[in-house]
Amino acid sequence: MDWTMVLKAFILGGIICVIGQILIDKTKLTPARILVAFVTTGAILGGLGWYKHLINWAGCGASVPLTGFGNLLAKGAIEEVKTNGLIGAFTGGTKAAAAGIAAAIFFGYIASLVSKPKIKKQ
Amino acid sequence: MKPINSKEEYATYVDQKTPNSPILKNCFNAFWVGGLICALGQIIFEICKTRGIDETTSYTIVSISLIFISAFLTALNIFNKIGKFAGAGSLVPITGFANSIVSPAMEYKSEGYVMGVGAKMFTVAGPVLVYGISTSIIIGILYIIFNTQSITLI
């Protein structure tokens, strides 16, 4: 096991989360807006080809935060454009991110099936 | 206490009374919880690598595993407590995306399985997917137009 990569993932992942925390504390953005901002930033950095350097350096430290999800979308779109042309721009991104989206929806549905609905305490 | 007459006075009064959010402490908690989640992902990745699974599939396995853990902890009501403590530390990694789907799915179960669970699941994840996927399509089209990633050489 490559423990230096684990340490690098810890450091970079932590730094990306601190950026999010500063945005929450300083700008009063809602969590939804922060997630949208992170995904869009990741997609743009991925489209420019810069994000892959972060992934090469820290592995999951860059791929696990939502910026990595955005990067995955952009990378997938570009890869598919290379092989399929314009259609690839529409199929590539979602195809690359399909596992994450499908898993979240599926597990979310299962969780709602097994959980008892909470009564909100006001 | 003297009465408050103007908007400015009121603003300063509110500033005095609202507690300062302890930003350093929040950032510290976000750092180590977020870092820990990414490190856990990296450990799963390394295990996949030693079993000879290729890189792309390994990253997919990492995503699915973390999403499963997040959904499981959300269902047990543990994730919300972690979220309160860690702030962006558990929000920004993919666990936060999973939590944003699972949590409303559970909460709105009483409104039915179609318009409750099915629709409310996407209150936060919907915008994320809309902007993420739209950006990726634009990037794909821009790539066709310029047909190069030459700026990427930087």
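For residue B:84 and residue B:12, a Förster radius of 30 Å and the Cβ-Cβ distance give a FRET efficiency of 0.50, rounded to the nearest 0.05.
Measuring spread by the Cα atoms of region A:3-114 yields a radius of gyration and Dmax of 15.5, 44 Å.
As a check on your grasp of the helix formula, calculate [θ] at 222 nm for chain A: sum -39500 (n - 2.57) over DSSP H runs of n ≥ 4, divide by the residue count, round to the nearest 500.
Calculated at 222 nm, the ellipticity per residue is -28000 deg cm²/dmol.
Go from 0 up to the bin containing the longest alpha carbon distance in region B:52-117, width 10 Å each, and give me the % of pairs per bin. Each 10 Å bin holds this share of Cα pairs: 22, 42, 27, 9, 1. Label region A:52-122 by shape, choosing from rounded, prolate and oblate, from the square roots a ≥ b ≥ c of the eigenvalues of the Cα gyration tensor; if a/c is under 1.5 it is rounded, and otherwise prolate applies when a/b is larger than b/c, oblate when it is not. Verdict is oblate for region A:52-122. Rounded, prolate or oblate: pick one for chain B, where a ≥ b ≥ c are the square roots of the eigenvalues of its C-alpha gyration tensor, a/c under 1.5 means rounded, and failing that, prolate if a/b is larger than b/c, else oblate. Prolate shape, in that a/c is at least 1.5 and a/b is the bigger ratio. Length gained on full extension, residue B:28 to residue B:119, computed as 0.36 nm times the residue gap minus the Cα-Cα distance: 29.2 nm. In this rough spin-label picture, where each label sits 7 Å from Cα along the Cβ direction, the residue B:53-residue A:116 distance is 3.6 nm. Apply the membrane-span-like helix rule to chain A: whole DSSP H runs, Cα extent along the own long axis of at least 15 Å, mean Kyte-Doolittle hydropathy at least 0.0. List the helices found. Length and hydropathy pass: A:3-27, A:31-47, A:66-84, A:86-114.
Diffusion coefficient (Stokes-Einstein, Kirkwood radius over C-alpha pairs, 37 °C, 0.692 mPa s) for the protein assembly as shown: 167 µm²/s, rounded to a whole number.
Helix by helix, which DSSP H runs in chain B go 18 Å or more along their axis at the Cα atoms and have an average Kyte-Doolittle hydropathy of 0.0 or more? Once both thresholds are applied, what remains is B:23-50, B:55-75, B:94-107, B:122-146.
Read-outs: derived from the displayed coordinates by stated rules, not from any lab. Being a predicted model, the structure only gives us computed values, none of them experimental. Using ideal geometry, Cβ is built from the backbone for each residue, glycine included, and neighbour counts are taken over all protein chains shown.
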